[in-house]
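Everything below concerns the one structure shown next.
The values are calculated or read from the model by the stated rules, or taken from the named source; none is laboratory data. None of these values were measured; they are calculated from a predicted model. Neighbour counts are summed over all protein chains in view; Cβ atoms, including those assigned to glycine, are modelled from backbone coordinates with ideal geometry. Accessible surface is based on the protein model in full, side chains and every heavy atom, while ligands, DNA and RNA are left aside. Shrake-Rupley method; radii C 1.70, N 1.55, O 1.52, S 1.80 Å.
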Amino acid sequence: NKNLKMKAARTAQGLSQSQLAAAVGATRQTIGLIEAGGYNPSLNLCIAICKVLGTTLNDLFWEEG
């Protein structure tokens, strides 16, 4: 399940995958995998991503329906 919401929030902030990764202490590959739906991030990483992107866990990671 791709995380298009995270990708949209990242691009809205004008950040590349590499820039977001550096801000949260992850690798670019990890960010790419999360967006591609190939990696389930830890809660701590989810929170860090939300802080950088100015969003909430519900906005980015809650599955609707």
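General observations
- Split the accessible area of the chain by element, probe 1.4 Å, and carbon with sulfur accounts for 52%.
- Each Lys and Arg adds +1 at its Cβ and each Asp and Glu adds -1 at its Cβ; summed about the Cα centre, the chain shows a dipole of about 200 debye.
- Neighbour-limited loop hits for GluC sites (Glu not before Pro), the chain (at most 16 other Cβ within 10 Å; DSSP other than H, G, I, E, B): Glu63, Glu64
- The residues of the chain present an accessible area of 63 Å² per residue when probed at 1.4 Å with all protein chains retained.
- Computed from phi, the 3J(HN,Hα) profile of region 30-37 under the Karplus parametrisation 6.51, -1.76, 1.60 (θ = phi - 60°) reads 4, 4, x, 5, 4, 5, 7, x Hz, with x in place of Gly and Pro.
- Shape summary of the chain, radius of gyration then Dmax from alpha carbon positions: 10.4, 32 Å.
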